[in-house]
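Pasting in a structure now, in structure tokens, and then I'll have a few things to ask.
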Amino acid sequence: MLTRIALALAVLAPLSSLQALDQGEARHLLTRTGFGPTPDEIAELLPLTREQAVDAILAKNRTTNRLAPPEWCNVPLADNAAQRQAEEKSWKGLSEQERQTKSNERESRDRKRGVELKAWWYREMAATDSPLTERMVLFWHNHFTSSLTTVYDPRLMWEQDQLFRSQALGNFATLLTAIPYDPAMFIYLDSNSNINYRPNENFAREVMELFTVGEGFYTEADIKEAARSLSGYKIDEATGRPALSERFHDTEWKTVLGHKGLLDADQIMKILMEREERVAIHICEKLWQEFVSETIDAKDVYKIAAVFYKSKYDVKKAVRAVLLHPKFWDADARGTLIRSPVEMLVGTIRQLDLPVDDYAKVVEMGRALGEDILDPPNVRGWKGGSAWISTHSLLARREIFSAIAGGSLGNPNGKHRKADADTPAAGGEMAGEAMAPAAGAKDPKDKSAKDTAKDKKSDDKKADAKSEASSDKPAAGPHPDRGQWIPDARKQGTEGVQLAVHLLLPIDPVTPMDKDADLDRALKQLLTDPAYNLK
Amino acid sequence: MQRRDFLRLCGYSSLAMMFPGVAFAGDPPKTVSIDWKRSVVLIELRGGNDGLNTVVPYADPAYAKARPAVAIPAGDVLKLDKQFGLNPVMGAMLPAWKDGDLAIVHAVGYDHPNRSHFRGIDIWNSGSKADEMQGDGWAARVMSKAQGVPDDLLAHSIILGYDKTTAYGGFGPLYGDALRNIIMNGPDGFIREARAMKKAESQTKNPALQQVLKVQADINASGERMAELVAKAPALKGKFPKGQLGDFLQTTAKLIIAGAVVPMYKLTIDGFDTHSNQRERQDKLLTEVSEGLGALREALMAGGAWDRTLVGTYSEFGRRVSENGSKGTDHGTAAPHFLTGGKVKGGFIGAPPSLTELNDGDLVHTNDFRSLYMTMAQEWWGYSDYFLSQKGVKALGCIKA
């Protein structure tokens, strides 16, 4: 099958698939698999053919984070669970009012940490050398949804991030098998209240409808029986993860999708994975919509699904097949997908090399734009695609991106890029406090950048007051000169403006560029052009 | 809509691929619509309003017994009948009660109630079952299917009270596809923002760009329409209370009287999570609600718009029957809700809750919360499709022909 597809591709694909990419193709590949391409990212791909370029992007995949997370993420799960339990226990003797105060205190600590975690993720996305990894972590976050609002404990959402990250382009079966044991999911879909004498169907329903086979490929009876099979999991003190507790488990016989047995979570996941064709189609439809088009052609997707399930759910192989599909490369396909808020925010930060002083601001922007990461609206996640565009969201996009163009996240000037955001976490051992973006802690501002800034913002003062002394961090990141194109283009007049247009937009701007506009005015116009919403 | 359609298409085509020779029929085409000229004003009492101190079962000795510090003395209650009376701060709602256009729906709730604010309001917003998560809001499901969208639609909904705070969270029952929802604190801000959105045109064939430009054009049009409507709105009768809810209700009244085509206004008043010092805090909020609704009624009656308006309240849960140790009440279950409007048949609806036969200390509901939505969608808007996952929910039958 694989070879047949490869052959079919070779026959169908125009000659250009064997030639080196042109600028537009490189940009297209990068924007669809990442956030917003930078000139150096484009330059890296230019000598390569389509296949080489796709493989180069896939080869950069990461399975761990690059930047150190907030410090509290490093507390082992079991210790974290024990700590929280001890906290609750210590409230027992207190009066109702004191107990309320304690619980409010914990809630506000959790909320603060939640923002820290979200800010960390934005920072990671802005700094990463593998944007595709981040896009896939977002993809799984939007597939196996959980939300901080429901889960409460941010430590558990961090655990889930690590799971998604480890399998971002890994193996779907591994991911699915781990999901019933993911502590955040355990809370999010009410598995903690699914017990033998009162089953809760929430997880059983979503695992079929959303995570695996999809609507229409199971019966209500399957859900009832699966819920009973999944009953009685409780958090194990030794690991901080769900484990089967016989006392609450329904030990009767059950039949799920035709399989009869004394079923438990592992067996349910196995039974679902055996519906390989259906599961693969479901996942590949989503990948197709993520990367190629909102319109699904069943035949195209089926071919990719076949690659997926024959490889025993190798995500990288499926994504590769998607990215090498001729429809992905169709010149008319450029700019026909809507960018998500995160893609626009992170893309803008990367392309303009914005020296973001406080990523909590970016978190707030994402939330206002309708994509509050780690807090999806409901179990179906964000609808994405054309659903990003609404009366409200377009007004919010205009307002926020005008503000960014006006310097609300710092001025677009690569020379003054902040040093420490690019410092990688050393060999899996995450650096300590100095690097952990504690909430409220602002990064040092570059004085010279500030002095030359035209659009000084009042919050600079705040940032200065709270800044930490970490300016001795080395400036060496993977792209120390990511923003160098801006001062360069600024010197080149009309040509510089053209460069910015081609970098920032997938198609021509809707509002024609003013011939005499200088680069800074052009950037402002481009960030609010209707075409900036597209990828 | 578009997305759902092709998802369905591909679902069917992959089915067809797996079972060749078997025909799969799509849903039979069916035209459903709503009466676009009729508005629902939905007011969220955020935080979980205590129903027992709103509509007080003053004659039941179990009430005072369960709430030594929080109960409202029987003598203070504004008596509606021999069993129930309104919180004494709610006098502004008495005219509607006396005129028979205020309905009080007893003990609204659902099976296996959830006591979390977030999950609770999620269930209320989507109209789902307790152990199920539905993607869209109930009103969005209704409106995105409603055909015959009029040209002069200002918006499917105007959401007051979430401006600049959160996007999807604020949509609540209106979260869904392809709806024109306006989130604002007041018309001036919206008009200004809509005007700041530059008009843009293109002959493009790119569907994504077409969509962006279409929505931008809608915004431009809504901004101008809103400006016209506000300009022609008359001065309002009725004394609206100070505060955000009063302002929101005033905006709502103006737009409705001016003839804005907006099927739903969604307003929020926050602060009902009264774990401590409930009397003082809740009374203040209920004063705002009651005076606001009283003024809205007066204004709409004077403006000839009361008959095309249906007002309803909702909240994520009620509160426990027994008070806690902080002169407050904790998260509970069922609570009464109000329905009022020119076409509402006033009076109590459904059986009152028992204060002694409790479920784990909580009231057992007597009215399904989704029956409020059926009343709004089916009886009020004339929407004929069934939109709930729970089978067999009926409208309350409290709308006059």
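Of all residues being in contact with a strand residue (DSSP E or B) (Cβ under 8 Å, 6 or more places away or on another chain) and part of a loop (DSSP other than H, G, I, E, B) in segment A:385-417, which is modelled with the highest pLDDT? Just the residue, please.
It comes out as A:389.
Same structure again: Only one of A:146, A:108, A:95 is polar (S, T, N, Q) and away from chain B (no Cβ under 14 Å); which?
Testing whether each residue is polar (S, T, N, Q) and away from chain B (no Cβ under 14 Å) leaves just A:108.
State all residues of segment B:347-368 that are over 14 Å from residue B:336 (Cα atoms) and assigned to a loop (DSSP other than H, G, I, E, B); if no residue qualifies, say none.
Correct list: B:356, B:357, B:358, B:360, B:361.
Hey, does segment A:69-80 have a residue that's under 21 Å from residue A:165 (Cβ atoms) and without any contact (Cβ under 8 Å) to a residue 60 or more places away in the chain?
No; the residues of segment A:69-80 include none that is under 21 Å from residue A:165 (Cβ atoms) and without any contact (Cβ under 8 Å) to a residue 60 or more places away in the chain.
Do you know which residues across segment B:180-205 are hydrophobic (A, V, I, L, M, F, W, C) and either within 8 Å of another protein chain (Cβ to nearest Cβ) or over 20 Å from the mean Cα position of the chain (by Cα) (or both)?
B:182, B:183, B:190, B:191, B:194, B:196, B:197, B:200
Assess whether residue B:177 counts as being within 11 Å of chain A (Cβ to nearest Cβ), in contact (Cβ under 8 Å) with a residue 60 or more places away in the chain and in contact with a Lys or Arg (Cβ under 7 Å, 6 or more places away or on another chain).
Answer is yes for this residue.
Pairs only if they're at least six apart or on different chains, beta carbon under 7 angstrom, first in segment A:126-153 and closer than 30 Å to residue A:103 by Cα, second of a type in the set (Val, Ile, Thr) and assigned to a helix (DSSP H, G or I); list them, first residue then second.
Close Cβ pairs (under 7 Å, with a partner that is of a type in the set (Val, Ile, Thr) and assigned to a helix (DSSP H, G or I)) amount to A:144/A:179; A:150/A:187; A:151/A:187.
What's the total number of residues in segment B:369-394 that are within 15 Å of the chain's Cα centre (by Cα) and more than 18 Å from residue B:263 (Cα to Cα)?
3
Out of B:286, B:236, which single residue is surrounded by fewer than 23 Cβ atoms within 10 Å (Cβ to Cβ) and touching a residue at least 40 places away in the same chain (Cβ under 8 Å)?
Among B:286, B:236, only B:236 is surrounded by fewer than 23 Cβ atoms within 10 Å (Cβ to Cβ) and touching a residue at least 40 places away in the same chain (Cβ under 8 Å).
Right, another one. I want to confirm something. Restricting to segment B:258-280 and keeping residues that are more than 14 Å from chain A (Cβ to nearest Cβ) and in a helix (DSSP H, G or I), which single residue is surrounded by the fewest Cβ atoms within 10 Å (Cβ to Cβ)?
Once the filter is applied, the top-ranked residue is B:280.
Which residue, of B:142, B:149, is under 28 Å from residue A:295 (Cβ atoms), in a loop (DSSP other than H, G, I, E, B) and more than 7 Å from chain A (Cβ to nearest Cβ)?
The conditions single out B:149.
Which ones in segment A:352-396 are of a type in the set (Lys, Arg), under 25 Å from residue A:32 (Cβ atoms) and in contact (Cβ under 8 Å) with a residue 24 or more places away in the chain?
A:380
Moving on to the next point. Would you check which residues across segment A:148-167 are hydroxyl-bearing (Ser, Thr, Tyr) and at pLDDT 95 or above and list them?
Listed by number, the list holds a single entry, A:166.
Of the conditions (1) touching a residue at least 24 places away in the same chain (Cβ under 8 Å); (2) over 21 Å from residue A:502 (Cβ atoms); (3) not polar (S, T, N, Q), residue A:349 fails just one. Which one is it?
(2)
Regarding segment B:326-333, can at least one residue be identified that is under 28 Å from residue A:100 (Cα atoms) and among the β-branched types (Val, Ile, Thr)?
Within segment B:326-333, one or more residues are under 28 Å from residue A:100 (Cα atoms) and among the β-branched types (Val, Ile, Thr).
Here are A:210, A:132: which of them is farther than 27 Å from residue A:78 by Cβ and within 13 Å of chain B (Cβ to nearest Cβ)?
Residue meeting the stated conditions: A:210.
Can you confirm whether residue A:350 is at the interface with another protein chain (Cβ under 7 Å from one of its Cβ atoms) and surrounded by fewer than 24 Cβ atoms within 10 Å (Cβ to Cβ)?
Considered against the rule, which asks whether it is at the interface with another protein chain (Cβ under 7 Å from one of its Cβ atoms) and surrounded by fewer than 24 Cβ atoms within 10 Å (Cβ to Cβ), residue A:350 comes out as no.
So, one more: For segment B:56-86, enumerate the residues that are touching a Pro at 6+ places or on another chain (Cβ under 7 Å) and of a type in the set (Ser, Thr, Tyr).
Selection gives B:63 alone.
Do we have residue A:311 as of a type in the set (S, T, N, Q) and surrounded by fewer than 24 Cβ atoms within 10 Å (Cβ to Cβ) here?
Spelling it out, residue A:311 is indeed of a type in the set (S, T, N, Q) and surrounded by fewer than 24 Cβ atoms within 10 Å (Cβ to Cβ).
What pairs come out if I take residues in segment A:193-212 that are in contact (Cβ under 8 Å) with a residue 40 or more places away in the chain and under 13 Å from residue B:130 (Cβ atoms) and pair them with residues that are assigned to a helix (DSSP H, G or I) and basic (Lys, Arg) whose C-beta lies under 9 Å away, six or more apart or interchain?
These pairs meet every condition: A:199/A:224; A:199/A:228.
Whether any residue in segment B:206-218 is crowded, with 19+ Cβ neighbours inside 10 Å and away from chain A (no Cβ under 14 Å) is what I want to check.
No - not one qualifying residue is present in segment B:206-218.
For segment B:369-392, give me the residue count where each residue is of a type in the set (A, V, I, L, M, F, W, C) and assigned to a helix (DSSP H, G or I).
5
The values are calculated or read from the model by the stated rules, or taken from the named source; none is laboratory data. If you're wondering where the values come from, they're calculated on a predicted model, not measured in any experiment. Heads up, the Cβs are rebuilt from the backbone with ideal geometry, glycines too, and the neighbour counts pull from every protein chain shown.
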